[in-house]
Amino acid sequence: MIEAQSLTKRYGDKLAVDDLSFTVETGRVTGFLGPNGAGKSTTMRMMLGLDNPTGGVVTIGGKRYSELHHPLRTVGALLEARWVHPNRSARAHLAWMAKSNKISPKRVDEVLDIVGLSEVANKRAGGFSLGMSQRLGIAGALLGDPEVLLFDEPVNGLDPEGILWIRKFMQRLADEGRTVFVSSHLLSEMALTATNLVVIGKGKLISQSTTEEFVARATDSTVKVRSPHLDRLRPALDRVGATVTPTDDGLLVAGVAGEKIGELAMENQATLHELAPQQGSLEQAFMQITGDSVEYHADLETESAEQPAGHAAVTN
């Protein structure tokens with residue numbers, strides 16, 4: 001388990017993380033979400049002892065990272081895929097990491113096989129694509145067979161097959177009883193991958209819940225209704241205060257549970273061809289809940305008018 005207690009980080013006048021407390025449960029994939037500039041990377045760096053908190057503490061299995069004797073055996077992390085000497089081979093890079101934590105050299109070939117890099121193990125890492133670098137970074141995170149894994153944007157550069165692989169892989173790690181904490185901007189993928197969510201904005205905790213609870217709390221659930229007898233059902237829905245929106249082939253009903261709609265249909269002799277809950281998406285929930293916490297807003301018209309030719313706007 002990971003536990004952050006009143007975690008705070010200040011850079012001069014900039015408060016990057018503000019009294020942040022949350023827990024990451026064992027046996028779950030927990031997504032770490034927030035707008036650009038929310039403090040996600042700073043928080044993960046403090047977890048790994050790369051930045052010292054201004055206040056508060058974060059522990060992994062009850063210990064600070066600096067207190068771990070062989071950290072790679074307890075915590076595996078991927079924060080920066082390109083963090084590797086470009087002239088080292090993938091095998092040499094992992095062998096150096098293994099030796100530093102007294103990990104068996106056999107484990108190097110095992111993790112190379114797990115991430116699908118065995119055939120390029122002796123090639124220079126500097127020639128790897130971003131997707132291959134991501135796989136090498138994941139191999140490094142797995143090297144010590146750790147109980148806790150931290151991934152920052154692990155699907156960057158991966159093709160659809162690779163994204164599906166890392167999704168199933170993270171879920172399998174959680175099923176094995178490991179703690180998996182993953183930050184990503186790809187919300188559609190997080191909706192499929194993460195069981196729990198920690199959502200922050202401007203360095204503060206916005207929400208900690210299951211993914212399902214987060215979406216349900218932030219979006220209006222509706223029920224799709226198709227029936228050849230809408231003329232009988234519609235007045236009954238109006239009488240109970242439902243919000244009804246006609247569609248091409250039926251109705252979208254909000255404010256009334258599907259069970260109640262079914263009862264009304266039976267009472268009014270309305271045959272139902274479809275009665276299907278329509279849950280909002282994680283993207284919709286995220287935009288609604290974090291809207292006031294976005295630090296960097298893009299004004300496309302202003303950017304195109306004011307940005308000098310050949311220069312890209314900086315948004316993070």
Query raised in the report: Quick one: net charge of Met266's neighbours, Cβ under 12 Å, K/R +1, D/E -1?
Result: -1
Query - Candidate lysines for bridging to Lys202, where Cα separation is under 22 Å - those fewer than 8 sequence places away on the same chain excluded - result: Lys9, Lys14, Lys40
Query raised in the report: Placing +1 at every Lys and Arg Cβ and -1 at every Asp and Glu Cβ, with all other atoms neutral, what dipole size does the chain have around its Cα centre, in debye to the nearest 20?
Result: 1440
Report task. Considering only DSSP beta bridges where both residues belong to the chain, give the percentage that are antiparallel (nearest 5). Result -> 65
Query raised in the report: Which is the longest stretch in the chain that no exposed loop site breaks, taking sites as chymotrypsin sites (Phe, Trp or Tyr not before Pro) with a DSSP loop state and at most 16 other Cβ atoms within 10 Å?
Result: 84-295
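Working from the pairwise distances between different alpha carbons, so that the mean of 1/r is found and then inverted, what is segment 220-278's Kirkwood radius in Å?
10.9
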Requested in this report: Check cross-link reach from Lys106 to the lysines: straight Cα distance under 30 Å, and skip same-chain residues fewer than eight apart.
Outcome: Lys63, Lys123, Lys168
Report summary line: Magnitude of the Cβ-charge dipole (Lys and Arg +1, Asp and Glu -1) of segment 220-278 about the Cα centre, nearest 20 debye, reported as 80
Query raised in the report: What is the Cα convex hull volume of the chain when expressed per residue in Å³?
Result: 195
**Report entry** Cross-link partners of Lys224 among lysines (Cα-Cα below 18 Å; sequence separation of 8 or more within a chain)
**Finding:** Lys260
Query - Dipole of segment 132-235, positive end: most advanced residue of Val199, Ala141, Leu230 [Cβ charges, Cα centre] - result: Leu230
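For Thr26, what is the net charge nearby, where nearby means another residue's Cβ is under 14 Å from its Cβ and Lys, Arg count +1, Asp, Glu -1?
-3
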Query raised in the report: Where Lys and Arg each count +1 and Asp and Glu each count -1, what net charge lies around Leu192 among other residues with Cβ under 11 Å from its Cβ?
Result: +1
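Bear in mind these aren't lab numbers, they're just calculated from the coordinates by the rules spelled out. Computed from a prediction, not measured in an experiment: that's the story for all the values here. In this analysis, Cβ positions are derived from the backbone assuming ideal geometry, glycine residues included, and neighbour counts consider all displayed protein chains.
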